[in-house]
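Scroll down for the structure; my scribbles are underneath it.
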Amino acid sequence: MAGNWKMYKTPAETAQFFEKFRPLVEKSSHCEVVICPPFTNLAAAVTAAKGSNIRIGSQNVAWAKEGAFTGEISCPMLKAVGVTHAIVGHSERRQYFGETDGTVLKRTQAALEFGLTPIVCVGELLADREAGNTEAVLTGQFQKGIAGLTEQQFAKIVIAYEPVWAIGTGKTATPEIAADAHRAIRTQVRAKFGTPAGDALRILYGGSVKPDNVKSLMAQPEIDGVLVGGASLDPAGFASIVNF
């Protein structure tokens, strides 16, 4: 159960969040809990989560270890702060910042090289969904952005399916639509990496997940968890999603 805070909260607000959130999930042993705040809050989040079952992730990673990459943050820098996970290829990165399937692969490989768990995002636009191209888009994103990993690398990643038309729009894919997409992704995985890899892979659903719809989404056997945006900013709301 992962929360993506996007561009919200200061370090002080991060500390306040964890003060309220920690006691609500301290007995939650049924899942992994990951929160991905903005870069400026990572140190505060790691400190606030210390000794708990909550892991901290970044919202992006650089593909280079170091160098002349203004504005980027490398995996060793993130590791040094205490980060364990990283979102890669979120649709907003693709939409606004020129992220491609090729750069998604490079960032994923870098995260793995330095021991971070990548949460690799895939998903289709509304136009793709309406044109019946969902499966083709997901296949393309998998082939160009994930299939370049070795079997050993692939075993360490998490995939998040995020239909772009459902992110921040209030529209949620029905549990059945989400499950169909997850099934299509798993089919690709089995074909490339084998059935056991497909069975073991965790696929999260992201797209307007809220306390009142998480139960019906999680009732689908194909859905292994959720990547929550706006609803992860509220400690009580996100705790109720974690403890669905």
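For segment 96-104, does any single residue satisfy the condition of being within 15 Å of the chain's Cα centre (by Cα), within 22 Å of residue 206 (Cα to Cα) and touching a residue at least 12 places away in the same chain (Cβ under 8 Å)?
yes
Is it true that residue 177 is at negative phi, part of a helix (DSSP H, G or I), among the hydrophobic types (A, V, I, L, M, F, W, C) and free of Cβ contacts under 8 Å to residues at least 40 places away in the same chain? Spelling it out, residue 177 is indeed at negative phi, part of a helix (DSSP H, G or I), among the hydrophobic types (A, V, I, L, M, F, W, C) and free of Cβ contacts under 8 Å to residues at least 40 places away in the same chain. Taken over segment 1-17, the criterion of being in contact with a helix residue (DSSP H, G or I) (Cβ under 7 Å, 6 or more places away or on another chain) and of a type in the set (D, E, K, R) is satisfied by 9 alone.
With respect to the conditions (1) in contact with a helix residue (DSSP H, G or I) (Cβ under 7 Å, 6 or more places away or on another chain); (2) surrounded by 15 or more Cβ atoms within 10 Å (Cβ to Cβ); (3) in contact (Cβ under 8 Å) with a residue 40 or more places away in the chain, residue 20 falls short on a single one, namely (2).
Does any residue of segment 174-183 turn out to be among the charged types (D, E, K, R) and within 18 Å of residue 229 (Cβ to Cβ)? No, segment 174-183 contains no residue that is among the charged types (D, E, K, R) and within 18 Å of residue 229 (Cβ to Cβ).
Of all residues in segment 141-174, those that are acidic (Asp, Glu) and part of a helix (DSSP H, G or I) total 1.
Take the residues in segment 148-171 that are small (Gly, Ala, Ser) and more than 20 Å from residue 222 (Cβ to Cβ); name whichever of them is surrounded by the fewest Cβ atoms within 10 Å (Cβ to Cβ). Here the residue is 170. Has segment 65-80 got at least one residue that is touching a Cys at 6+ places or on another chain (Cβ under 9 Å) and at pLDDT 95 or above? The answer is yes, given that some residue of segment 65-80 is touching a Cys at 6+ places or on another chain (Cβ under 9 Å) and at pLDDT 95 or above.
The values are calculated or read from the model by the stated rules, or taken from the named source; none is laboratory data. Values in this document were obtained by computation on a predicted structure and should not be read as measured data. Glycine gets a Cβ as well: all are built from the backbone with ideal geometry, and neighbour counts include every protein chain shown.
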